[in-house]
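Colleague: What follows is a single structure, and I will ask about it in a moment.
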Amino acid sequence: MPKKPSEAHDIKISFESDTIRVPLSKITPLKLISPTVRDSEKFQQIIASVREVGVIEPPVVAPKKKPSDPYLLLDGHLRIEALKILGESDVI
């Protein structure tokens with residue numbers, strides 16, 4: 001049964017509202033980008049867009065449990081790959 005508006009304050013946020021700068025070397029992707037995808041027109045458009053205007057929608061990562069752990073990349077695999085190709089070292 002849907003919650004009534006008066007009960008909406010009981011909803012817990014399951015993500016951080018602040019963005020952080022993360023070194024690309026500390027991000028572990030959950031999937032690999034194939035050479036076929038890298039050669040695709042769509043991916044080339046993503047590279048061009050990131051080069052011209054930067055990353056508009058930040059990638060989504062799962063937080064580290066301890067400082068030495070990498071972040072897990074949940075969404076934004078193509079954007080991260082584009083940043084690597086463009087020689088960037090981190091992302092916000």
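Colleague: Please compute the per residue accessible area over the chain with all protein chains in place, 1.4 Å probe, rounded to a whole number of Å².
Modeller: Details: 7200 Å² over 92 residues.
Result: 78 Å² per residue.
Colleague: As a test question: what accessible area, to the nearest 10 Å², does residue 85 have when a 1.4 Å probe is rolled over all protein chains in place?
Modeller: 90
Colleague: Now for a different question. Using a 1.4 angstrom probe with every protein chain in place, what is the largest-first accessible-area order of 12, 26? Display every interim value, and only then the final one.
Modeller: Numbers: 12 170, 26 80 Å².
Largest accessible area first, the residues go 12, 26.
Colleague: Cα gyration tensor of the chain, axes a ≥ b ≥ c as square roots of the eigenvalues: rounded (a/c below 1.5), prolate (a/b > b/c) or oblate?
Modeller: Working: a/c = 2.33, a/b = 1.74, b/c = 1.34.
The shape class here is prolate.
Colleague: Gain in length, residue 26 to residue 38, computed as 0.36 nm per residue apart minus the alpha-carbon separation, to one decimal in nm?
Modeller: Numbers: separation 12, 0.36 × 12 = 4.32 nm, distance 2.15 nm.
Separation in residues times 0.36 nm, less the Cα-Cα distance, equals 2.2 nm.
Colleague: Another question about this same structure. Work out the count of Lys pairs in the chain where the Cα-Cα distance is under 13 Å, with the pair 8 or more places apart or on different chains.
Modeller: Count of close lysine pairs: 4.
Colleague: Please find, in a Gaussian network model of the chain (springs between Cα atoms separated by less than 10 Å), the residue of 18, 39, 75 whose mean-square fluctuation is greatest.
Modeller: In this elastic network of the chain, the residue with the biggest mean-square fluctuation among 18, 39, 75 is 18.
The values are calculated or read from the model by the stated rules, or taken from the named source; none is laboratory data. Predicted, not measured: the structure shown is a model, and the values here were computed from it. Only protein heavy atoms, including side chains, enter the accessible area calculation; ligands, DNA and RNA are left aside. Shrake-Rupley method; radii C 1.70, N 1.55, O 1.52, S 1.80 Å.
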